[in-house]
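Worksheet: one structure, shown below.
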Amino acid sequence: MQDKPIDKEDILKELAEIHELDYDYADGRILGSMCTEAHPFAKEVYCKFLDTNLGDPGLFKGTKFIENEVVKSIGELLSLDEAYGNIVTGGTEANIMAIRAARNHARKYKGIVDGEIIIPESAHFSFKKAADMLNLKIVEAALDENYKIDVDSLKNVISDKTVAIVAIAGTTELGLIDPIEEISKIAHENNIYFHVDAAFGGFSIPFLKELGYDLPVFDFSLPGVCSITVDPHKMGLAPIPAGGIIFRKEEYLEVMAVDSPYLTVKTQSTIVGTRLGASSAATYAIMKYFGRQGYCKLAAQLMENTQFFNEGLKEIGYEVICEPELNIVAFNHPNMDTDVLAEKLEDLDWKVSVAKCPRAIRVVLMNHIKKEHLKKLLEDLKEIY
Ligand code: 0PR
């Protein structure tokens, strides 16, 4: 730190220059991100709640009320009348909380000490962080030829050490939805905690279903589902960071509670202590602002762009990995290595990401990607072809 204070203007000028190094969502060049520009109204509300701290909710009763309301609204969206949970920093924290709840529950009620979690090969890497922190062993269930959990493989790896089964509603790489209904049944019959990671799909699947899209059930209407991760900072258009963890029962929060004797509440179940009220307030505002109708419209636009891009790719001759269920398209050139194609796109200033399973260029059609960007991208892809 320098010795003397610097003028605000000078600091802002310097920051603006550095900020220039960042890519801007509005350019439509960011193709591999699940985040997007938050809605201006959500940002406005976020700023108004910057000083609120949900770590000490007795001091911020209004903001705590807002968090509870958001949890309730997301719960309703997921067919749960009485929801428990928190608005956290994102899918990673939500998944860690779910796995912690499952581990503690199994330890308390089944006496499992060296627990295991079953995750699909397609699971987000946040589960590896969770397992590492919580001292759990990861057991992977294989995928079938459609890149969804192979249910037989899953059944085979269940053991008396299994503390949780995880399935995904909107996989990170391909945006696919696992056979959650079948898995819910298996989890229920075996009395095993079942967590659904809908970090990506949570703010899209319910609306697409409402619009008549034929998508599988993934929510609390399935009796085996114990918790669901849903991220408002993805298609919910809330500012980063905003993740949601929704539990079916309060006891899942209780088994994680630690004493916080000198605070205004005497126990805490979240991982983070001092935590943002701004995320809850912004999510509350944006959910009210859009309502179901607004989100239906957004979801439909995303799927329209997805179909436009998917068809455009096939017309040129690219091979898509699967027909998209949500707003992700993954593809390859019939005889060009994926990395070579990625490099060519990077040279043209497209910020692409490469999926690992299977290797493919992956485009997440978030709200900042407009049709004109897709037309330009398809032109470049035609040139490369
Ligand atoms: N679960 C699923 C299914 C996800 O896709 C993600 C995020 C998470 C959990 C974790 O969520 P948080 O990142 O909010 O903790 N998937 C994206 C990914 O890892 C996140 C992302 C966002 C990556 C923007 C890049 C980027 O530019 O690919």
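Please treat every number below as a calculation from the coordinates, not as lab data. Quick caveat: nothing in here was measured; it's all calculated off a predicted structure. Quick reminder, even Gly has a Cβ in these numbers, built from the backbone with ideal geometry, and neighbours come from all protein chains shown.
Could you list 341, 326 so that the one with the fewest beta carbons within 10 Å of its beta carbon is first and the one with the most is last?
On the way: 341 21, 326 25.
If I rank by nearby Cβ atoms, fewest first, I get 341, 326.
Compute the label zone of residue 292 within segment 54-87: residues whose backbone N is under 14 Å from the point 7 Å along Cα-to-Cβ.
Once the point is set 7 Å along Cα→Cβ of residue 292, 73-81 turn out to lie under 14 Å by backbone N, inside segment 54-87.
For segment 19-150, what D do you get in µm² per second when you plug the Kirkwood radius from alpha-carbon pairs into Stokes-Einstein at 20 °C and 1.002 mPa s? Walk me through the numbers before you get to the answer.
Working: Rh = 18.4 Å.
D, rounded to a whole number, is 116 µm²/s.
Towards the positive end of the charge dipole of segment 41-287, with charges on Cβ (+1 Lys, Arg; -1 Asp, Glu), say which of 198, 57, 147 has the farthest Cα.
Positive-end residue among those listed: 57.
Normalised by the empirical 2.2 N^0.38 Å for globular proteins, what value does the Cα Rg of segment 75-190 take? Intermediate results must be reported in sequence, preceding the final value.
Details: Rg = 14.0 Å, N = 116, 2.2 N^0.38 = 13.4 Å.
So segment 75-190 has a normalised radius of gyration of 1.05.
Starting at the first residue of segment 120-136, write each ³J(HN,Hα) from the Karplus equation 6.51 cos²θ - 1.76 cosθ + 1.60 with θ = phi - 60°, in whole Hz, x for Gly and Pro.
Along segment 120-136, the couplings run x, 4, 8, 5, 5, 5, 4, 5, 5, 5, 4, 4, 5, 5, 9, 6, 10 Hz.
If each residue's Cβ is checked for other Cβ atoms within 10 Å, how do 19, 333 rank with the fewest at the top?
Details: 19 10, 333 19.
Lowest to highest Cβ neighbour count: 19, 333.
Once you have a ≥ b ≥ c as the square roots of the Cα gyration tensor eigenvalues for segment 1-77, tell me rounded if a/c is under 1.5, and otherwise prolate or oblate according to whether a/b is larger than b/c.
On the way: a/c = 3.28, a/b = 1.36, b/c = 2.41.
Oblate is the answer for segment 1-77, as a/c is 1.5 or above yet b/c matches or exceeds a/b.
Putting +1 on Lys and Arg Cβ atoms and -1 on Asp and Glu Cβ atoms, find which of 265, 30, 244 reaches farthest to the positive end of the dipole of the chain.
Going by the Cα projections, it comes out as 265.
Place a +1 charge on the Cβ of each Lys and Arg in segment 1-96 and a -1 charge on the Cβ of each Asp and Glu, then give the dipole magnitude about the Cα centre in debye, rounded to the nearest 20. The partial results should precede the final answer.
Details: 9 positive and 20 negative charges, 68 e Å.
Dipole of segment 1-96, to the nearest 20 debye: 320 debye.
Quick one: which residues, 5+ away or cross-chain, put their amide H under 5 Å from the amide H of residue 168? H built at 1.01 Å from N.
Distant-sequence amide H within range of residue 168: 178, 197.
Using alpha-carbon positions, what is the distance between the centroids of segment 214-284 and segment 95-161, in Å?
19
Considering the chain as a Gaussian network with a 10 Å cut-off on Cα pairs, which listed residue, 88, 166, 340, attains the greatest mean-square fluctuation?
Evaluated over the chain, the most mobile residue of the options is 340.
Could you name the lysines in cross-link range of residue 137, using Cα to Cα under 16 Å and dropping any fewer than eight places away on the same chain?
Qualifying lysines at Cα under 16 Å: 128, 129, 161.
Which whole-Hz ³J(HN,Hα) couplings does segment 277-284 yield from phi under the Karplus relation 6.51 cos²θ - 1.76 cosθ + 1.60, θ = phi - 60°, glycine and proline marked x?
Values, residue by residue: x, 4, 5, 5, 5, 5, 5, 4 Hz.
Given the alpha-carbon gyration tensor of the chain, what are the semi-axes of its equivalent ellipsoid in whole angstrom, ordered largest first, with each equal to the square root of 5 times an eigenvalue?
Numbers: eigenvalues 220, 174, 75 Å².
After diagonalising the Cα gyration tensor, the semi-axes are 33, 29, 19 Å.
Quick one: dipole size for the chain, taken about the Cα centre, charges +1 on Lys/Arg Cβ and -1 on Asp/Glu Cβ, in debye to the nearest 20. Spell out each step's value before the answer.
Details: 41 positive and 60 negative charges, 248 e Å.
Dipole size: approximately 1200 debye.
From the phi of every residue in segment 289-296, what ³J(HN,Hα) in whole Hz does the Karplus formula 6.51 cos²θ - 1.76 cosθ + 1.60 yield, where θ is phi - 60° and glycine or proline is x?
Karplus-based 3J(HN,Hα) across segment 289-296 equals 4, 7, x, 4, 4, x, 5, 4 Hz.
Counting only residues 5 or more places away or on other chains, whose amide H sits under 5 Å from the amide H of residue 85 once H atoms are built in the peptide plane?
So residue 85 has HN proximity to 247.
Taking only the Cα atoms of segment 58-133, how large is their convex hull per residue, in Å³? The partial results should precede the final answer.
Details: hull volume 11.1 nm³, N = 76.
Taking the convex hull of the Cα positions in segment 58-133, it is 146 Å³ per residue.
For segment 272-348, report the convex hull volume of the alpha-carbon atoms normalised per residue, in Å³, without decimals. Mind dumping the intermediate values first?
Working: hull volume 13.8 nm³, N = 77.
Looking at segment 272-348, the number lands at 179 Å³ per residue.
Remind me, relative contact order of segment 263-385 in percent, using alpha carbon pairs under 8 angstrom and six or more residues apart? Please report the intermediate quantities before stating the final value.
Details: 103 pairs, mean separation 25.5, N = 123.
Across segment 263-385, relative contact order equals 21 percent.
Can you compute the charge dipole magnitude of segment 5-162 about its Cα centre, using +1 on each Lys and Arg Cβ and -1 on each Asp and Glu Cβ, nothing else charged? Give it in debye, rounded to the nearest 20.
Values: 19 positive and 29 negative charges, 211 e Å.
Here segment 5-162 has a charge dipole of around 1020 debye.
Please rank 121, 311, fewest neighbouring Cβ atoms within 10 Å first, as an exposure proxy. Provide the component values of the computation, followed by the final result.
Numbers: 121 15, 311 12.
Ascending number of Cβ neighbours within 10 Å: 311, 121.
Expressed as a rounded percentage, what relative contact order does the chain have, with Cα pairs under 8 Å and six or more residues apart?
On the way: 742 pairs, mean separation 90.2, N = 385.
Computed over the chain, the figure is 23 percent.
If you project the alpha carbons of segment 223-356 onto their three principal axes, what span does each projection cover, largest first, in Å?
The Cα atoms of segment 223-356 stretch 63, 35, 34 Å along their principal axes.
What is the log10 of I(q)/I(0) for segment 195-259, computed with the Debye formula using one identical point scatterer on each Cα and no solvent, at q = 0.26 Å⁻¹?
Reported log10 I(q)/I(0), two decimals: -1.12.
Using a simple spin-label model with points 7 Å from Cα along the Cα→Cβ vector, what separation in nm is obtained for residue 375 and residue 146?
Distance between label points: 3.5 nm.
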